[in-house]
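The next block holds one structure in the form of structure tokens; read it before the comments.
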Amino acid sequence: MKYAHILAAVTEERWALHEPKLQAILDFLARQAGGEKLSADEIEARITKDREREVTRQSGSVAILPVRGVIANRMNMMDDISGGTSAEGLSRQFQAMMSDDGVKAIILDVDSPGGAVSGTVEFASMVAAARGRKPIVAHVNATAASAAYWIASAAEELVVTPSGMVGSIGVFGVHDDMSAALDKLGVKKTLVSAGKFKTAGNPYQPLDDDTRSRMQARVDEAYDMFVKAVASNRNVTQTAVREGFGQGDMVTAQAALAEGMVDRIATLEETLQRFGASQYAPP
């Protein structure tokens with residue numbers, strides 16, 4: 001199973017990700033693990049991977065940091081199947097922009113379904129801590145779901161393009177129960193382990209109540225961090241985030257503005273022009 005270690009990492013992580021995207025990744029990994037080989041075009045169709053590699057760029061004194069695809073703490077083979085972004089890499093690039101005296105403002109150009117809780121917490125905190133040193137604007141063009149909204153909310157100003165959407169504030173985990181499929185194949189897996197919880201949540205047997213409860217506690221803990229961060233970043237109460245802000249659903253631009261999830265609606269070009277820059281300026 002060439003992708004078994006990636007599949008294991010996916011199921012062990014807590015995800016702040018728009019659910020259909022994670023399901024697409026899981027489906028892809030399951031097919032690959034089962035021996036199905038897909039062409040590049042088929043992979044793109046299934047995962048909706050963006051072949052264009054977005055890179056940091058600068059327009060005048062404005063630095064633009066793209067936040068694209070699935071966000072994970074570190075990316076390797078996941079990058080090949082999801083067109084994702086590393087929180088570790090984003091942190092390095094952001095710090096370089098903050099340290100560059102030639103950069104007078106930073107635009108986070110966000111188009112992401114979210115990603116892993118791991119790494120998102122740290123990068124979002126880094127952005128929030130940098131407020132006041134130079135203008136930091138998160139421009140959603142056109143999706144900031146879950147972990148991507150977590151990060152975007154940390155900027156001093158959050159702008160969404162007219163056709164954009166934000167939200168999907170929530171966290172979930174994944175457990176694969178392969179026991180019925182293995183039974184049909186006449187295969188029985190036996191795990192020999194030491195340590196009470198060492199094999200808890202393994203995919204070869206149904207999820208027991210105790211393991212489910214501990215998984216739920218970890219998900220709840222991450223959700224609490226998410227809510228507290230958004231409430232602090234947007235200067236609203238935690239109750240407002242839990243009972244509003246889409247309640248885990250995506251919210252369109254106008255509705256998001258009315259609810260206080262964003263500060264304004266504008267195109268990326270309009271945001272850049274406010275800082276005397278343009279995405280259409282000659283190189």
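The values are calculated or read from the model by the stated rules, or taken from the named source; none is laboratory data. Predicted model only: the values in this text are computed from it and were never measured. Because the Cβ atoms are built from the backbone with ideal geometry, glycine has one as well, and the counts that use them run over all protein chains shown. Accessible surface is based on the protein model in full, side chains and every heavy atom, while ligands, DNA and RNA are left aside. Shrake-Rupley method; radii C 1.70, N 1.55, O 1.52, S 1.80 Å.
What to note about this one:
- Under the condition of being in a helix (DSSP H, G or I) and among the charged types (D, E, K, R), the residues counted in the stretch 122-164 number 1.
- Residue in the stretch 127-145 that is open to solvent by less than 10 Å² (accessible area, probe 1.4 Å), polar (S, T, N, Q) and under 21 Å from V241 (Cα atoms) present: no
- Selection count, the stretch 201-221, where residues are under 23 Å from E122 (Cα atoms) and in contact with a Gly (Cβ under 9 Å, 6 or more places away or on another chain): 4
- Residue within the stretch 105-118 that is open to solvent by 30 Å² or more (accessible area, probe 1.4 Å), among the hydroxyl-bearing types (S, T, Y) and part of a helix (DSSP H, G or I) present: yes
- Any hit, the stretch 229-244, residues being modelled with pLDDT of 95 or more, out of contact with any helix residue (DSSP H, G or I) (no Cβ under 9 Å at 6 or more places or on another chain) and assigned to a helix (DSSP H, G or I): yes
- So A96, is it surrounded by fewer than 17 Cβ atoms within 10 Å (Cβ to Cβ), out of contact with any helix residue (DSSP H, G or I) (no Cβ under 6 Å at 6 or more places or on another chain) and either on the phi > 0 side of the Ramachandran plot or outside any helix (DSSP H, G or I) (or both): no
- Candidates in the stretch 192-226 are the residues that are part of a helix (DSSP H, G or I) and among the polar types (S, T, N, Q); of these, the one that is most open to solvent (accessible area, probe 1.4 Å) is Q216.
- Any pair with Cβ under 7 angstrom, 6 or more apart, that starts in the stretch 68-79 at a residue that is modelled with pLDDT of 55 or more and ends at one that is buried (at least 17 other Cβ atoms within 10 Å of the Cβ) and basic (K, R): V70/K21
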